[in-house]
Amino acid sequence: MKNEYLINVLETVKKRNPGEPEFIQAVTEVFETLEPVIEKRPDLVAAGVIDRIVEPERQILFRVPWVDDQGKVQVNRGFRIQFNSAIGPYKGGIRLHPSVYSGIIKFLGFEQIFKNSLTSLPMGGAKGGSDFDPKGKSDGEVMRFCQSFMTELYRHVGADCDVPAGDIGTGAREIGYMFGQYKRLQNEFTGVLTGKGLTYGGSLARTQATGYGLCYFTDEMLKANGKSFEGQTVVISGSGNVAIYATEKATQLGGKVVALSDSNGYIYDKDGIDLACVKQLKEVERKRIKEYVATHPNAEYHEGCKGIWTIPCDIALPCATQNEIDGESAAILAKNGCYCVAEGANMPSTPDAINVYFANNMLYGPAKAANAGGVATSGLEMSQNSMRYSWTFEEVDAKLHDIMVNIFKACDSASKEYGMPGNYMAGANIAGFLKVAEAMKAQGCV
Ligand code: NDP
Ligand code: 2IT
């Protein structure tokens, strides 16, 4: 990065956010691709857009006390970072994972600003979460935690103010408990959360949306480069919400998914993953992915999650967590002939990994664009809630498909306009940024 102004703002960000490397990583990546925009648009610099966009509008940090099944008091930490409301109410998921701290929520909230802008729907950026670990907890414990979490959060959110949703560790069960508590405290039935159950205001296809959207984006990127999913070997990391529905759609589009993982290890099934079995294990029984081999003797299980990137494939879809592909894993993917990486997870590739993708002319679909289908469909859920109406699965899926095609087009044309054709990371950052920046400039110094 050569631009003095961006270098100075980045220095301030580093000083203000010590000990938060994920946030610095996310800001650095965006700044590196915004250099040509900054040079072309001194008006945005004069309006202080860059100085303002890296500082959250509001950060809420709170105690979440709850009582476990043994009657013992447990205390977790709750977070909600309302990053930017220039183009709509704050919007973004809630992550429940022991690794959660402010640096994780901040990087996710920052990326959410640009992602939500790319969807073309009116949503600002936010993220929340807690260091609570739902794994191994009873339904009662999860419910008491979710109720306590919402007992503080309810005063900061609302259908026209801030609309949380799922992320790692937060699925339909957790959203249900949080929604119930919000409704009870506020005495209002509104679309304050998305990813709700279908019997109380949820949208059809929201469960599938992130994984399906990832494949729609990838398909579009492949087609623009004379390729397709047909007959391709696909490796997908994770085995949660995003990974499961990416597997489903990649298979429908003609790909063969041969591997999935969780934080303990990965399975490799040369015959193609039996998704019905994975859904049963993960969605119904909440078991570990290694149980798959008990009923699939031809499949292999290996301890450790990094080894999944040593499996030869054409297309890799990381769908687990941040920084799961480092430079070394990226180099192995490239050496084994992988020519396309599209990100279902948020920031799954380290900066070194991204350098390897570009050095090897691989197609790279960055998270902000490639996984925007989840939040886009959350936006469609908000519309349906406001209208007190619901669309069919096919209607929502068709809208999701259109949105993902348009996101690819926006990334493609911004990459060309700013002299970096084929660099969809730069295209996504620039296209996402410009809409928010214009809105921030128009609304004055707030
Ligand atoms: P889930 O909780 O449903 O699944 C997460 C999966 O990733 C699990 O298989 C989990 O394994 C694995 N995982 C989580 N943390 C780690 C870790 N530290 N190391 C290795 N594996 C890990 O979450 P989602 O599928 O919803 O989310 C996956 C990714 O997609 C996240 O990056 C999320 O931010 C992103 N995303 C999600 C969206 C959504 O709509 N849900 C939308 C856009 C992005 P284990 O069970 O062992 O923890
Ligand atoms: O990272 C993400 O985009 C999500 N976890 C989904 C957010 C949402 O509001 O649906």
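The values are calculated or read from the model by the stated rules, or taken from the named source; none is laboratory data. If you're wondering where the values come from, they're calculated on a predicted model, not measured in any experiment. When we count neighbours, we look across all protein chains shown, and the Cβ atoms used for this are built from the backbone with ideal geometry, even at glycine. For the accessible areas, the whole protein counts, side chains as well, though only heavy atoms, and no ligand, DNA or RNA atoms are used. Shrake-Rupley method; radii C 1.70, N 1.55, O 1.52, S 1.80 Å.
From the list V242, V234, the one residue that fits, being in contact (Cβ under 8 Å) with a residue 24 or more places away in the chain, at negative phi, over 18 Å from the mean Cα position of the chain (by Cα) and surrounded by 23 or more Cβ atoms within 10 Å (Cβ to Cβ), is V234. Scanning the stretch 98-125 for residues that are within 12 Å of ligand 2 (Cβ to nearest atom) and in a loop (DSSP other than H, G, I, E, B) turns up T119, L121, M123, G124. Strands (runs of 3 or more DSSP E) fully within the stretch 224-283 that include at least 3 residues being of a type outside the set (S, T, Y): 233-236, 256-261. Contact annotation: residue pairs with Cβ atoms under 6 Å, 6 or more positions apart or on different chains, pairing a residue in the stretch 179-207 that is surrounded by fewer than 15 Cβ atoms within 10 Å (Cβ to Cβ) with a partner that is assigned to a helix (DSSP H, G or I), are F189/K183; G197/A172; G197/G176.
Residues are listed down the side, and each one gets a yes or a no for (1) open to solvent by less than 50 Å² (accessible area, probe 1.4 Å); (2) closer than 26 Å to C319 by Cα; (3) of a type outside the set (G, A, S):
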site	(1), (2), (3)
G103	yes, yes, no
L108	yes, yes, yes
K135	no, yes, yes
V142	yes, yes, yes
R173	yes, yes, yes
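Within the stretch 288-303, being exposed (fewer than 15 other Cβ atoms within 10 Å of the Cβ) and part of a loop (DSSP other than H, G, I, E, B) holds for P297, N298. Whenever a residue of the stretch 98-113 is more than 21 Å from G432 (Cα to Cα), its partners that are of a type outside the set (F, W, Y) and buried (at least 24 other Cβ atoms within 10 Å of the Cβ), lying with C-beta atoms within less than 7 angstrom and at least six residues away or across chains, give the pairs V100/G129; V100/S130.
Please verify whether the stretch 367-375 includes one or more residues that are surrounded by fewer than 23 Cβ atoms within 10 Å (Cβ to Cβ), of a type in the set (A, V, I, L, M, F, W, C), at pLDDT 95 or above and over 14 Å from G238 (Cβ atoms). So far as the stretch 367-375 goes, no, none of its residues is surrounded by fewer than 23 Cβ atoms within 10 Å (Cβ to Cβ), of a type in the set (A, V, I, L, M, F, W, C), at pLDDT 95 or above and over 14 Å from G238 (Cβ atoms). Looking across the stretch 210-231 at every residue that is under 20 Å from the mean Cα position of the chain (by Cα) and more than 23 Å from G92 (Cα to Cα), the one that is surrounded by the fewest Cβ atoms within 10 Å (Cβ to Cβ) is identified as E220.
Among the residues examined, G92 qualifies as within 11 Å of ligand 1 (Cβ to nearest atom), of a type outside the set (S, T, N, Q) and not in a helix (DSSP H, G or I). If the condition is being free of Cβ contacts under 8 Å to residues at least 12 places away in the same chain and open to solvent by 70 Å² or more (accessible area, probe 1.4 Å), then the stretch 41-72 contributes P42, A46, Q70, K72.
Do the conditions hold for I87, that is, is it modelled with pLDDT of 95 or more, of a type in the set (V, I, T), away from ligand 1 (no atom under 16 Å from the Cβ) and buried (at least 18 other Cβ atoms within 10 Å of the Cβ)? In short, yes.
The numbered conditions (1) open to solvent by less than 20 Å² (accessible area, probe 1.4 Å); (2) in contact with a helix residue (DSSP H, G or I) (Cβ under 9 Å, 6 or more places away or on another chain); (3) within 14 Å of ligand 2 (Cβ to nearest atom) are all true for E22 except (1).
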